[in-house]
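Asks: Starting off with a structure, shown below.
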Amino acid sequence: MKTGLLIGTNPKNIGNLFKQLIQNERLSTLYIQLLTEMKLEALMLNQDKNMYTNKNVFRKTVFDYYSTLKNIDVDVRVLLPNFKNVNLLKVITKKPIEVVYFDSTYSSSAIKNFVQTYVVNKSPNCRTISFFANNDEYNFSFSENKEESVHNFEEYDYVVLGGTFDKLHIAHKIMLSEAVMRCRKRLTVGVTTESLLQSKILPDLIEDCDIRIKILNDFLNDIESNIEYNIVPIDDMYGPTKTDPTLEMIVVSTETIKGAEKVNEYRENTGLSKLNVISIDIIKSVKESDNEENKISSSNLRMRMLGTLLRPPVPRLNIPSRPYIIGLTGNIASGKSSISNHLQKFGCGYVNCDELGHKIYEMGSEGYNFIKDHFGLNVLNEDGSVNRKQLGTIVFSDQQQLQKLNSILWPIILKNVKERITVLHSNEDVVVIEAALLIQANWVEECHELWACIIPPNEAVKRLQNRDNLSVEEAQTRIRSQLKNKEIVSKANVIFCTLWDENYTKKQVEKAWCQLQERLSFTNSSL
Ligand SMILES: CC(C)(COP(=O)(O)OP(=O)(O)OC[C@H]1O[C@@H](n2cnc3c(N)ncnc32)[C@H](O)[C@@H]1O)[C@@H](O)C(=O)NCCC(=O)NCCS
Ligand SMILES: Nc1ncnc2c1ncn2[C@@H]1O[C@H](COP(=O)(O)OP(=O)(O)OP(=O)(O)O)[C@@H](O)[C@H]1O
């Protein structure tokens, strides 16, 4: 993965050719340094002229660069130091530049000289590429009208904005750039903590607040390090705007403008000055499925993570390399069975541990004898069989009893699972073992990969009411005794969510299956 720098004179020059170029290069980060063509040529000839910059045009150009690259999977960072200081003479980036792109052709000595003089942080074998693009009529000439830009662009010493900023995307970057361009001294950024996330789609896939703060800090200091940043966690929608008298301006989008109005209402009622509000438009994007939003959003990005590899599997030397074992887990009613059904249709072998678990209750078996001895006659039906409902009531309300039951039964079930794989599935390439308690039973290391299914707790309550006729309280007691979704996500290689229609579940499984086949063909060929 490489880092590139585009010396960009015109966003229109970013055509398919350039997109292809950066994808072929496997760039992970693309910095963009904006320069007018005139300025670039002057710098190349060492004849820097103090050219006047129209800030409104500059601002629009920053946004155009981000928008043009919105569908490309690369971390774009448009550098802003020359927004405030038109005499910028150095291009400073945190990451070392490995390739510099110029969007017009210049002599190789001029390019060499430019990179040598102005690109500060570059790798020893930094390359340069000029791509020729048609400079059509895009109007990117800085205005000659000094008055207009002085009076039209409002800047403030103390600016604020807030958000969740999960999977920092182009719209976030546009909003943050707006705030940076408006800010002369200190930019305050409020970052939502867990209490504000529960109503969001797939909250368990949102990065922790401290990680989101670190990513923001890195991004902001990279695009402009000449102002101060105060990035703080917020537990309500107001954050520091409730108390900070220095704040002058807030940046929002048209969908969060109501939040800014509430902030101002609060500030007025408590004697603080109202904030000037600047709002950016919503950046649209094409939906990849009917369940997505038609704008760039972190929720869409989280949904697109479903069925993909979130972390690489750890090699398991303790188990045979084939069949390749997928452990499938998830809390009660999370939809494991429907995921398993789809996997079987793709040709995957299947072992249901819960079904094998039920078998060990069979009268006379090792498990049955333990239950009879330990829990006594009141967990048996009249015919002597185990009354599982009654047993459930006891163990789900007493942690110690549950642990005792599990410590005896789990090793017996695992033994049965292994036997079944040997007898029925030894010729299969991939076998999924479905087990609700796979993590708790410490079977993760018995599987090559852990796949898991999550649904929000309130959805699980609804499903348990419908499917098992449980009361809300009974359902909640069961749910409380399980692992939190966040913990499951932290361990799983692949996550599914069955909150939407059956077809969407199928698409997730299809994605996971296809990616698995690629991984397996890769390991097969390297064996
Ligand atoms: C309570 C708040 C902060 C929660 O933020 P939210 O979870 O919506 O953050 P998220 O990361 O999704 O988005 C951050 C900001 O980017 C904007 N945004 C997100 N996607 C897009 C898009 N495609 N186009 C344009 N803007 C976008 C959001 O509207 C929001 O303003 C927010 O909703 C709010 O009310 N803001 C106004 C008040 C405020 O700023 N308070 C905090 C002050 S410190
Ligand atoms: N999109 C969906 N995908 C899967 N199941 C869904 C979906 N929508 C609703 N459900 C319902 O959720 C319930 C739980 O599904 P399922 O039985 O597959 O879960 P499970 O994880 O196998 O449950 P358990 O481990 O409790 O047996 C079922 O009643 C199912 O009909």
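Asks: Take the stretch 427-437 and flag every residue that is at pLDDT below 95 and either within 14 Å of ligand 2 (Cβ to nearest atom) or not assigned by TED's automatic domain parsing to the domain that holds N406 (or both). Working first, answer last.
Replies: Of the residues in the stretch 427-437, the ones at pLDDT below 95 are 427-429, 436-437.
Listed by number, the residues that qualify are A436, L437.
Asks: So which residues in the stretch 312-338 are within 20 Å of K484 (Cβ to Cβ), in contact with a strand residue (DSSP E or B) (Cβ under 9 Å, 6 or more places away or on another chain) and not in a strand (DSSP E or B), if there are any at all? If you could, list the steps in order and put the result at the bottom.
Replies: First, the residues of the stretch 312-338 that are within 20 Å of K484 (Cβ to Cβ): 327-336.
Subsequent filtering for residues that are in contact with a strand residue (DSSP E or B) (Cβ under 9 Å, 6 or more places away or on another chain) retains 327-331, 334-336.
Those that are within 20 Å of K484 (Cβ to Cβ), in contact with a strand residue (DSSP E or B) (Cβ under 9 Å, 6 or more places away or on another chain) and not in a strand (DSSP E or B): N331, S334, G335, K336.
Asks: May I ask you to verify whether S426 is in a loop (DSSP other than H, G, I, E, B) and loosely packed, with under 14 Cβ neighbours inside 10 Å?
Replies: Working: in a loop (DSSP other than H, G, I, E, B): yes; loosely packed, with under 14 Cβ neighbours inside 10 Å: yes.
It is true that S426 is in a loop (DSSP other than H, G, I, E, B) and loosely packed, with under 14 Cβ neighbours inside 10 Å.
Asks: While we're here: Among (1) away from ligand 2 (no atom under 16 Å from the Cβ); (2) touching a strand residue (DSSP E or B) at 6+ places or on another chain (Cβ under 7 Å); (3) aliphatic (A, V, I, L, M), which single condition is L202 missing?
Replies: L202 satisfies all of (1) away from ligand 2 (no atom under 16 Å from the Cβ); (2) touching a strand residue (DSSP E or B) at 6+ places or on another chain (Cβ under 7 Å); (3) aliphatic (A, V, I, L, M) except (1).
Asks: Those residues that are among the basic types (K, R), surrounded by fewer than 16 Cβ atoms within 10 Å (Cβ to Cβ) and under 22 Å from H342 (Cα atoms), I need them from the stretch 283-308; list them, please.
Replies: R304
Asks: For P233, state whether it is part of a helix (DSSP H, G or I), modelled with pLDDT of 95 or more, farther than 30 Å from K507 by Cβ and not assigned by TED's automatic domain parsing to the domain that holds N71.
Replies: When the stated conditions are applied, P233 does not pass them.
Asks: Pick from I371, I360, I394: which is at pLDDT below 90 and surrounded by fewer than 18 Cβ atoms within 10 Å (Cβ to Cβ)? Explain how you work it out, then say what you get.
Replies: Working: I371 fails: surrounded by fewer than 18 Cβ atoms within 10 Å (Cβ to Cβ); I360 fails: surrounded by fewer than 18 Cβ atoms within 10 Å (Cβ to Cβ).
Answer to the check: I394.
Asks: Here's a follow-up. Of the residues Q508, Q440, which is within 15 Å of ligand 2 (Cβ to nearest atom) and over 24 Å from E293 (Cα atoms)? Let's see the steps before the verdict.
Replies: Numbers: Q508 fails: over 24 Å from E293 (Cα atoms).
The match here is Q440.
Asks: Shifting gears a bit: Would you check if there is a residue in the stretch 284-304 being assigned to a strand (DSSP E or B), touching a residue at least 24 places away in the same chain (Cβ under 8 Å) and away from ligand 1 (no atom under 16 Å from the Cβ)?
Replies: The initial filter retains those residues of the stretch 284-304 that are assigned to a strand (DSSP E or B), namely 284, 295.
Checking the rest, the ones that are also touching a residue at least 24 places away in the same chain (Cβ under 8 Å) come to 295.
Next cut, away from ligand 1 (no atom under 16 Å from the Cβ) only: none.
Looking through the stretch 284-304, none of the residues is assigned to a strand (DSSP E or B), touching a residue at least 24 places away in the same chain (Cβ under 8 Å) and away from ligand 1 (no atom under 16 Å from the Cβ).
Asks: Given the condition at pLDDT below 95 and out of contact with any strand residue (DSSP E or B) (no Cβ under 6 Å at 6 or more places or on another chain), answer yes or no: does some residue in the stretch 158-176 qualify? Before the answer, list the steps.
Replies: Step one: list which residues in the stretch 158-176 are at pLDDT below 95, which gives none.
Within the stretch 158-176 (the criterion being at pLDDT below 95 and out of contact with any strand residue (DSSP E or B) (no Cβ under 6 Å at 6 or more places or on another chain)), the answer is no, since none of the residues qualifies.
Asks: Can you tell me how many residues within the stretch 480-505 are more than 10 Å from ligand 2 (Cβ to nearest atom) and in contact with a Cys (Cβ under 8 Å, 6 or more places away or on another chain)?
Replies: The first filter runs over the stretch 480-505 and keeps only residues more than 10 Å from ligand 2 (Cβ to nearest atom), leaving 480-495.
After this cut, where a residue has to be in contact with a Cys (Cβ under 8 Å, 6 or more places away or on another chain) as well, the list is 495.
Of the residues in that region, 1 qualify.
Asks: Let me ask you something else. Does the stretch 128-148 contain any residue that is modelled with pLDDT of 90 or more and under 24 Å from D218 (Cβ atoms)?
Replies: Initial filter on the stretch 128-148 (modelled with pLDDT of 90 or more): 128-129.
From what's left, under 24 Å from D218 (Cβ atoms): none.
No: the stretch 128-148 contains no residue that is modelled with pLDDT of 90 or more and under 24 Å from D218 (Cβ atoms).
Asks: If you take the residues in the stretch 74-83 that are farther than 18 Å from M38 by Cα and out of contact with any helix residue (DSSP H, G or I) (no Cβ under 8 Å at 6 or more places or on another chain), which one is modelled with the highest pLDDT? Quick ask: steps written out before the conclusion?
Replies: Narrowing the stretch 74-83 to residues farther than 18 Å from M38 by Cα: 74-81.
With the extra rule that they be out of contact with any helix residue (DSSP H, G or I) (no Cβ under 8 Å at 6 or more places or on another chain), the set shrinks to 75, 81.
Working: D75: 97, P81: 93.
Taking the candidates together, the pick is D75.
Asks: When you scan the stretch 298-308, do you find a residue that is closer than 30 Å to V160 by Cβ and of a type in the set (G, A, S), even just one?
Replies: yes
Asks: If we scan the stretch 316-339, do we find a residue that is under 25 Å from the mean Cα position of the chain (by Cα), away from ligand 2 (no atom under 16 Å from the Cβ) and under 28 Å from S490 (Cα atoms)?
Replies: no
Asks: All but one of (1) over 20 Å from L402 (Cβ atoms); (2) in a helix (DSSP H, G or I); (3) within 10 Å of ligand 2 (Cβ to nearest atom) hold for A460; which doesn't?
Replies: (1)
Asks: Kindly indicate which of S107, S130, S123 is surrounded by fewer than 19 Cβ atoms within 10 Å (Cβ to Cβ), within 15 Å of G8 (Cβ to Cβ) and of a type in the set (G, A, S). First the steps, then the outcome.
Replies: Numbers: S107 fails: within 15 Å of G8 (Cβ to Cβ); S123 fails: within 15 Å of G8 (Cβ to Cβ).
Step by step, each of S107, S130, S123 is checked, and only S130 is surrounded by fewer than 19 Cβ atoms within 10 Å (Cβ to Cβ), within 15 Å of G8 (Cβ to Cβ) and of a type in the set (G, A, S).
Asks: I would also like to ask the following. For the stretch 367-423, which positions are part of a loop (DSSP other than H, G, I, E, B) and either farther than 18 Å from D354 by Cβ or touching a residue at least 40 places away in the same chain (Cβ under 8 Å) (or both)? It would help to see each step written out before you state the result.
Replies: Here is the first cut: in the stretch 367-423, the residues part of a loop (DSSP other than H, G, I, E, B) are 376, 381-385, 387, 397-398.
Residues satisfying the conditions are G376, N381, E382, D383, G384, S397, D398.
Asks: When you go through (1) touching a Ser or Thr at 6+ places or on another chain (Cβ under 7 Å); (2) assigned to a helix (DSSP H, G or I); (3) not aromatic (F, W, Y) one by one for K70, which number turns out not to apply?
Replies: Unmet for K70, out of (1) touching a Ser or Thr at 6+ places or on another chain (Cβ under 7 Å); (2) assigned to a helix (DSSP H, G or I); (3) not aromatic (F, W, Y): (2).
Asks: Let me ask something else. Could you tell me which residue of the stretch 236-263 is farthest from ligand 1 (Cβ to nearest atom), considering only residues that are in a loop (DSSP other than H, G, I, E, B) and within 26 Å of V78 (Cα to Cα)? Write out each step before concluding.
Replies: Just the residues of the stretch 236-263 that are in a loop (DSSP other than H, G, I, E, B), to begin with: 236-238, 243-248, 254-256.
Applying the additional criterion that residues be within 26 Å of V78 (Cα to Cα) yields 247-248, 254-256.
Numbers: L247: 9, E248: 13, T254: 7, E255: 5, T256: 4 Å.
Of everything passing the filter in the stretch 236-263, E248 is farthest from ligand 1 (Cβ to nearest atom).
The values are calculated or read from the model by the stated rules, or taken from the named source; none is laboratory data. As the structure is a prediction and not an experimental result, all values here were calculated from the model. Neighbour counts are summed over all protein chains in view; Cβ atoms, including those assigned to glycine, are modelled from backbone coordinates with ideal geometry.
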